[in-house]
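Colleague: Below is a structure I'd like to ask you about.
FYI, it's all coordinate maths here, none of it is from the lab. All values derive from a computational prediction rather than experimental measurement. Cβ coordinates were reconstructed from backbone atoms using ideal geometry, including for glycine residues, and neighbour counts include every protein chain displayed.
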């Protein structure tokens, strides 16, 4: 496992390629960036990253905000290494000069990169909606919007205020997909993992990523 990323680290990212499954030879994999902010829902973030890491056609990037560290400890009794172990590259959330801050980073492969922000706190949602981004998670989402590239936001809050709803509408109109952390029960889940995997599959569908995580057969 990788260690936690220090905000003062000089390096842009931690490189985990030696510990990850081999990528498909002969082709450049698609870059998928997972941003994790300080909302409840860390088991979903872990499920997403673990599922992406098993895809040989995907290069997994991860940004874990400082706010997410405390929630990881509360929900998973672990630190950021729980998530970082599934990423090929872990970017420092406080480094606004990192690759995902630039539109050119997103278009360096034959297929543009895409971003999942899960879980997405209401503070992060509001910052992205206003364009006043303060860390790499928020800035990366801002770049995805301006470049008209796939961005899936997975907010986790209840109840929702009028401000939350207006921010979601603004982001939907700007091109983001809003997928609240709302599990479906029609597949008769037997565990929390079943619910999480179904949510992961629906998120991957939005990005055109092939998977075998189950769909409603009707």
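Colleague: Ratio of the chain's C-alpha Rg to 2.2 N^0.38 Å, to two decimals?
Modeller: Values: Rg = 16.2 Å, N = 218, 2.2 N^0.38 = 17.0 Å.
Normalised Rg, Cα atoms only: 0.95.
Colleague: Mean-square fluctuation check for the chain, GNM, Cα pairs under 10 Å: which of 66, 206, 138 is largest?
Modeller: 206
Colleague: Fewest to most neighbouring Cβ within 10 Å: what's the order for 188, 146? Please list the in-between numbers first.
Modeller: Details: 188 6, 146 13.
Starting with the residue having the fewest Cβ neighbours, the order is 188, 146.
Colleague: A follow-up question, please. Would you list 142, 194, 31 from fewest to most Cβ contacts within 10 Å? Please list the in-between numbers first.
Modeller: Details: 142 20, 194 16, 31 23.
Listing 142, 194, 31 from fewest to most nearby Cβ atoms yields 194, 142, 31.
Colleague: Mark the label point 7 Å from the Cα of residue 74 along Cα→Cβ and return the residues of the stretch 36-61 whose backbone N is within less than 14 Å of it.
Modeller: 37-43
Colleague: Go ahead and set up a Gaussian network model of the chain, Cα springs under 10 Å, then flag whichever of 144, 84, 127 fluctuates most.
Modeller: Of 144, 84, 127, the Gaussian network model singles out 127 as fluctuating most.
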